[in-house]
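To start, the structure under review is shown below, and the notes come after it.
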Amino acid sequence: MATSGRRPSGFVSLLLLLAGILLFWMTVPNLGTAARAATADGPRGTFTAARLVCVGHSGHTSCEWSGTFRSDDGTVELAGVKLYGSGRNTFEAGQTAPAVDVGNAGRVYAPTGSRSWIITVVLVVVAYVLLVAVARRHLMPPSSPGEKARSITTPCR
């Protein structure tokens, strides 16, 4: 919002626009999967743990169990999937747990659902705010310097 009558910076607007588009591109296609994960909407079945997969980054190690998923009715069989939220001490190889396939490639969820939708929704809102900021910067006419002074000094009738 340019209140001084100056044109907004094109470079800053370009960065805001690109950030907003990138966030939308990354998050909007995942809204359906995030909603299904939150409500555990999908074929129910059994996850069988095969091996622990750990990733280390910035002094932190994150681990999840990888294994197979088979739906209760036998129509869905997935190999090499990870159980979201499983940690280092959750299983031993060969142990099973109930799970739900919500359609997220490479991942199944506990039947209680997941809170992974929260970050997706927050990023969609941030993307929206960035795009609205760019639109306001370039689509709203800048106020003239004397416009505020006139509206303050003009008596109401």
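The values are calculated or read from the model by the stated rules, or taken from the named source; none is laboratory data. Since we're looking at a predicted model, the values are computed, not measured. Because the Cβ atoms are built from the backbone with ideal geometry, glycine has one as well, and the counts that use them run over all protein chains shown. Just the protein is used for accessible areas: all its heavy atoms, side chains included, with ligands, DNA and RNA removed. Shrake-Rupley method; radii C 1.70, N 1.55, O 1.52, S 1.80 Å.
How many residues are open to solvent by 80 Å² or more (accessible area, probe 1.4 Å) and in contact (Cβ under 8 Å) with a residue 60 or more places away in the chain when one looks only at segment 43-52?
Result for segment 43-52: 1.
Scan segment 85-109 residue by residue and report those that are touching a residue at least 24 places away in the same chain (Cβ under 8 Å) and under 19 Å from the mean Cα position of the chain (by Cα).
The answer is 85, 101, 102, 103, 104, 106, 107, 108, 109.
Return the only residue of 39, 75, 48 being within 30 Å of residue 130 (Cα to Cα) and either out of contact with any helix residue (DSSP H, G or I) (no Cβ under 8 Å at 6 or more places or on another chain) or not small (Gly, Ala, Ser) (or both).
39
Taking only segment 1-25 into account, find how many residues are touching a helix residue (DSSP H, G or I) at 6+ places or on another chain (Cβ under 7 Å), open to solvent by 90 Å² or more (accessible area, probe 1.4 Å) and at pLDDT 85 or above.
0
Is there a residue being without any contact (Cβ under 8 Å) to a residue 60 or more places away in the chain and open to solvent by 60 Å² or more (accessible area, probe 1.4 Å) anywhere in segment 32-42?
no
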